[in-house]
There are 2 protein chains.
Amino acid sequence: MAVQNKDENSLPGSKLTIADIAAELGVSKTTVSRAISGKGRIGKETVRRVMECIEKYNYRPSAIAKGLATSKTYNIGVAFPADTNLSSTPFFQICLLGVCEAAAAMDYDVLVTTVKENDISQLKRIVENHNIDGIILTRDFMNDMATEYLKQKDIPFVLVGSSEDSTIVQVDSNHREACEKLVSLLLADKMSRIALIAGDMRHMVNLSRCEGYINALRSRQISIDTELVFTDCDSQVSIEQAVNSILKHQAECIICTDDVICTRVLSLLREAGAHVPGDIKVASFHDSIYLESNNPPVTAVGMDVKELGCIAGKRLIEMLGGDIDIHKKILDYEIHLRRSTQ
Amino acid sequence: MAVQNKDENSLPGSKLTIADIAAELGVSKTTVSRAISGKGRIGKETVRRVMECIEKYNYRPSAIAKGLATSKTYNIGVAFPADTNLSSTPFFQICLLGVCEAAAAMDYDVLVTTVKENDISQLKRIVENHNIDGIILTRDFMNDMATEYLKQKDIPFVLVGSSEDSTIVQVDSNHREACEKLVSLLLADKMSRIALIAGDMRHMVNLSRCEGYINALRSRQISIDTELVFTDCDSQVSIEQAVNSILKHQAECIICTDDVICTRVLSLLREAGAHVPGDIKVASFHDSIYLESNNPPVTAVGMDVKELGCIAGKRLIEMLGGDIDIHKKILDYEIHLRRSTQ
DNA sequence: CTGAAAGCGCTTACAG
DNA sequence: CTGAAAGCGCTTACAG
């Protein structure tokens, strides 16, 4: 009677290896390996027997040994921003979920690392440990240290977001077009004084949204009123200043470039006694849970963030397989017109 | 002139191995290995030379090869809930950041996997691939499939949260005590009709908070008014019903067991024209960014979620190193009394 | 269609 | 204090 066994079906020893399976079947490790991978010529009946045996003992090859043998890790990295002001947005979380889904489908694992604006030491650690085959960046900083580093090290990577560097593989929503369309729709709706409160302009996302805003005004020959446009609003204080000025200059509507800004704006408007949509209208981006329970419901551009992550994961794994098509992938968006702008 | 070299300092070939370093120094791989790990007897001067050489060529040992040789992976897993209603709470995200920090400090990497209430297939995949040494669970479901599975497989794990199973290593805040204290403080403040809106009771967190609420009332000989206590409020509808009933039965204060519930409650109160804190007071848990910009500021129990993740990561890695102390670790909390209850 | 053997890049008894 | 050699669990030319 074997002592170490945990279930009846176990072969002796606690952790099964390919050698155990081979021995059990009386074939070579080569054969077992081939049956599993499907590579090389191998008899149908043999494959069946191997599979049956694997099933019976619930054998699963060691990812790490496979990795060493093939010089791959079957891990992809996801860089998560650790700056405090960003780390609570649900965007990255949902995006990560999407990447996990794509990775799991191709039997890759997802390794998380953190990056800060001026500190990519953790990113370096993970690549220098030779523990990932490629990486996904979830934030599009201009002049980003991370992209520079990865290019120099020649590590395959995908950027969730946009970059002016066309050699970078990108997956993004069309923020410019979405914002342009949103603003156009509002302008068509007999509004003309539309204000903009935008976040950190070093992010391409915010830049693109601003561009969309400007384009929409321009195409209607409306000049940009600098008293209604506020960029780099990433603190409570700067948002408050923006809202005050906007109220003073009697805008009819405020576009916020993300839901965190919008939440604050809504709160400030309430405080100031400005009623939405009666006194002023409000629209936002991203359409996350942040705004979900607001009353009135907030008009917003909706993007499928999980899908974004999923596509990015798929693209990266394709690249690792040798696919070198560097086209930028653009995802769809939806504009949800709701009571806050009516 | 070497062709493949990227920087001047490279040894021939693109990826450095321990053999390259050994050859460069004219010593054996054994020696290099020992100099790096510090294990075994080795000359001081030798160590210095090896380190210098490593530095010069920026050599970093392959984590994967080390893993195969030592039968460890130096990866820890973090199970992330993928159920839609939970996936947007910042809790898990911040917790993950904490785990990453702890892991990086011990040169471990963090691998993310998703779990759903009735689907732990991704968790299984990651452990059966032999790709992690241990795992962190970030949610304390009662009768959790994940804990059952890990125990049966004998995989070391740490639970961020609480369990009645004392063989499980746990890291948590003292939700019961925190809630009891919060309610006591409010009761002392000449309130007596305090309502409770709690989330999914299959989570120990919510159960503990309810217990705290009940204890606080009991110790003041106040009987529980079932018209003021609502559990399993995880949908918009159930929260709405709760709020309506609470307003009808003239509670003086509402305790929400988390910030997502609280956000909705605040929104519903506004809709109903109930003024906070004039008509009714409100307090919450977790104190996340969700409530940050609310006006009035909301009284809440604050917990250091990142620290929670960090401690959990540390504990797990200690366990992997052979430490088998299974004490439950309890973190501190803070009660922030703010205008919403004044 | 199948197998013996070398190799992926480390660690670690064992022997000096 | 140092090294030669075996081994971790796979994959894959190469030879049959």
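Rg and Dmax of segment A:113-157, Cα atoms, in Å?
My reading of the Cα-based Rg and Dmax gives 9.6, 27 Å.
Mind listing the label-point distances from A:Met191 to the same position on all other copies, shortest first, one decimal in nm, points 7 Å along Cα→Cβ?
3.7
If you place +1 on the Cβ of every Lys and Arg and -1 on the Cβ of every Asp and Glu, how big does the dipole about the Cα centre of the protein assembly as shown come out, in debye to the nearest 20? Before the final figure, lay out each step's value.
Details: 76 positive and 92 negative charges, 317 e Å.
Charge dipole, the protein assembly as shown, about its Cα centre: 1520 debye, nearest 20.
Quick one: label points 7 angstrom along Cα→Cβ at B:Glu318, distances to the other copies in nm, smallest first?
Values, ascending and in nm: 4.7.
If you keep only loop residues by DSSP, which trypsin sites (Lys or Arg not before Pro) in segment B:8-80 have at most 12 other Cβ atoms within 10 Å of their Cβ?
On the way: sites: B:Lys15, B:Lys29, B:Arg34, B:Lys39, B:Arg41, B:Lys44, B:Arg48, B:Arg49, B:Lys56, B:Lys66, B:Lys72; in loops: B:Lys15, B:Lys39, B:Arg41, B:Lys72.
Taking segment B:8-80 and a limit of 12 other Cβ atoms within 10 Å, the loop trypsin sites (Lys or Arg not before Pro) found are B:Lys15, B:Lys39, B:Arg41.
What helices does chain A hold that run 15 Å or longer along their axis, going by alpha-carbon atoms, with a Kyte-Doolittle average of 1.0 or more, using DSSP H for the helix calls?
Values: long enough: A:44-57 (20 Å, -0.86); A:90-105 (23 Å, 1.57); A:175-188 (19 Å, 0.44); A:204-219 (22 Å, -0.02); A:236-248 (18 Å, 0.27); A:259-271 (18 Å, 0.72); A:305-320 (23 Å, 0.67).
Length and hydropathy pass: A:90-105.
Defining a contact as two alpha carbons under 8 Å apart and six or more residues distant in sequence, what relative contact order in percent does segment A:85-151 show?
On the way: 24 pairs, mean separation 16.3, N = 67.
Worked out over segment A:85-151, it gives 24 percent.
Counting DSSP beta bridges in chain A, what percent are antiparallel, to the nearest 5? Mind dumping the intermediate values first?
Details: 6 of 39 bridges.
In chain A, approximately 15 percent of DSSP beta bridges are antiparallel ones.
Of A:Pro297, A:Ala104, A:Ser71, which is farthest on the positive side of the dipole of chain A, counting Cα position, with +1 on Lys and Arg Cβ, -1 on Asp and Glu Cβ, and the Cα centre as origin?
Comparing the listed Cα positions along the dipole, A:Ser71 ranks first.
Give, as a single signed number, the net charge of other residues whose beta carbon lies under 13 Å from the beta carbon of B:Asp332, with Lys and Arg counted +1 and Asp and Glu -1.
Values: positive: B:Lys181, B:Lys329; negative: B:Asp172, B:Glu177, B:Asp304, B:Glu307, B:Glu334.
So the surrounding residues net to -3.
Which value, in debye to the nearest 20, describes the size of the charge dipole of chain A about its Cα centre when Lys and Arg Cβ atoms bear +1, Asp and Glu Cβ atoms bear -1, and nothing else is charged? Walk me through the numbers before you get to the answer.
On the way: 38 positive and 46 negative charges, 197 e Å.
Roughly 940 debye for chain A.
Say a label goes 7 Å from Cα toward Cβ at A:Leu331 in every copy; what distances in nm does this one have to the rest, shortest first?
3.0
Given the -39500 (n - 2.57) contribution per DSSP H run of 4+ residues, what per-residue ellipticity at 222 nm results for the protein assembly as shown, rounded to the nearest 500 deg cm²/dmol?
Details: 25 runs with 292 residues, N = 684.
Rounded to the nearest 500, it is -13000 deg cm²/dmol.
Once the dipole of chain B is set up with Lys and Arg at +1 and Asp and Glu at -1 on Cβ about the Cα centre, which of B:Asn206, B:Leu228, B:Ala82 lies farthest towards its positive end?
Positive-end residue among those listed: B:Ala82.
In the full protein assembly as shown, how much of B:Glu177 is accessible to a 1.4 Å probe, in Å² to the nearest 10?
80 Å²
Run the numbers for B:Gln342 and B:Ser184: contour at 0.36 nm per residue of separation, minus the present Cα-Cα distance, in nm.
On the way: separation 158, 0.36 × 158 = 56.88 nm, distance 1.45 nm.
Fully extending the segment from B:Gln342 to B:Ser184 adds 55.4 nm.
Give the distance, in whole Å, between the Cα centre of segment B:26-65 and the Cα centre of segment B:136-200.
Spelled out, the Cα-based centre of one part sits 46 Å from the other.
How would you order A:209-222, B:251-264 from highest to lowest mean count of nearby Cβ atoms within 10 Å?
Working: A:209-222: 17.6, B:251-264: 25.7.
Order by mean packing, descending: B:251-264, A:209-222.
What number comes out for the charge environment of A:Glu128, summing +1 per Lys or Arg and -1 per Asp or Glu over other residues with Cβ under 9 Å away?
It works out to a net charge of +4.
Given points 7 Å out from each Cα along the Cα-Cβ axis, report the A:Thr46 to B:Tyr57 separation in nanometres with one decimal.
4.0 nm
In chain A, which cysteines lack any other cysteine Cβ under 4.7 Å from their own?
Here A:Cys53, A:Cys95, A:Cys100, A:Cys179, A:Cys210, A:Cys233, A:Cys253, A:Cys310 come out as lacking a disulfide-compatible partner, given the Cβ-Cβ threshold of under 4.7 Å.
Out of all DSSP beta bridges with both ends in segment B:269-340, state the antiparallel percent to the nearest 5.
Values: 4 of 8 bridges.
Of all bridge pairs located within segment B:269-340, approximately 50 percent are antiparallel.
Would you mind checking B:Lys151/B:Lys314; A:Lys116/B:Lys39; B:Lys281/B:Lys328; A:Lys72/B:Lys151; B:Lys29/B:Lys66; A:Lys314/B:Lys124 for any pair whose Cα atoms are more than 25 angstrom apart? Before the final figure, lay out the partial values.
On the way: B:Lys151/B:Lys314 20 Å; A:Lys116/B:Lys39 34 Å; B:Lys281/B:Lys328 34 Å; A:Lys72/B:Lys151 31 Å; B:Lys29/B:Lys66 13 Å; A:Lys314/B:Lys124 22 Å.
Pairs exceeding the cut-off: A:Lys116/B:Lys39; B:Lys281/B:Lys328; A:Lys72/B:Lys151.
Tell me, what is the percent relative contact order of segment B:18-61, built from C-alpha pairs under 8 Å that lie six or more residues apart? Walk me through the numbers on the way to the answer.
Values: 33 pairs, mean separation 16.0, N = 44.
Dividing the mean separation by the residue count of segment B:18-61 yields 36 percent.
How many Å² of accessible area per residue for the protein assembly as shown, probe 1.4 Å? Before the final figure, lay out each step's value.
Details: 31270 Å² over 684 residues.
About 46 Å² of surface per residue is accessible.
I need the calculated FRET efficiency for the pair A:Glu292 and A:Ala19, taking r as the beta carbon distance and R₀ as 56 Å, to the nearest 0.05. Each step should come with its number before you reach the end.
Details: r = 54 Å, r/R0 = 0.97.
Result of the calculation: an efficiency of 0.55.
In segment B:167-293, what percentage of the DSSP-assigned beta bridges are antiparallel, given to the nearest 5? Let's see the in-between values first.
Details: 0 of 9 bridges.
Just about 0 percent of them are antiparallel.
Where the eigenvalues come from the Cα gyration tensor of segment A:18-61, what are the semi-axes √(5λ) of the equivalent ellipsoid, largest first, in whole Å?
Values: eigenvalues 42, 22, 19 Å².
Over the Cα atoms of segment A:18-61, the semi-axes work out to 14, 10, 10 Å.
Where nothing but the Cβ of Lys and Arg (+1) and of Asp and Glu (-1) is charged, how large is the charge dipole of segment B:188-342 around its Cα centre, in debye to the nearest 20? It would help to have the intermediate numbers written out before the result.
Values: 17 positive and 22 negative charges, 69 e Å.
The calculated dipole for segment B:188-342 is roughly 340 debye.
Please report the net charge: other residues with Cβ closer than 13 Å to the Cβ of B:Val171, K and R +1, D and E -1. All intermediate terms of the calculation are to be shown ahead of the outcome.
Numbers: positive: B:Arg139, B:Lys306, B:Lys314, B:Arg315, B:Lys328, B:Lys329; negative: B:Asp140, B:Asp172, B:Asp304, B:Glu307, B:Glu318, B:Asp325, B:Asp332.
The answer is -1.
Efficiency by 1/(1 + (r/R0)^6): what FRET value for B:Met142 and A:Lys328, r their Cβ-Cβ distance, R0 = 51 Å, to the nearest 0.05? Write out the running numbers ahead of the final one.
Working: r = 47 Å, r/R0 = 0.91.
Rounded to the nearest 0.05, the efficiency is 0.65.
Convex hull volume of the Cα atoms in the protein assembly as shown, per residue, in Å³?
Output value, Cα hull per residue: 201 Å³.
Which FRET efficiency value, to the nearest 0.05, is calculated for B:Met191 and A:Thr70 with the Förster distance at 56 angstrom and r the Cβ-Cβ distance?
So the FRET efficiency works out to roughly 0.30.
Jot down the radius of gyration and Dmax of chain A, Cα atoms only, both in angstrom.
Using the Cα atoms of chain A, the pair Rg, Dmax is 26.2, 88 Å.
The values are calculated or read from the model by the stated rules, or taken from the named source; none is laboratory data. Not measured: the values here are computed from a predicted model. Every residue, glycine as well, gets a Cβ built from its backbone with ideal geometry; the counts of neighbours run over all protein chains shown. Ligands, DNA and RNA are stripped out before the accessible areas are found, and what is left, the full protein with its side chains, is counted by its heavy atoms. Shrake-Rupley method; radii C 1.70, N 1.55, O 1.52, S 1.80 Å.
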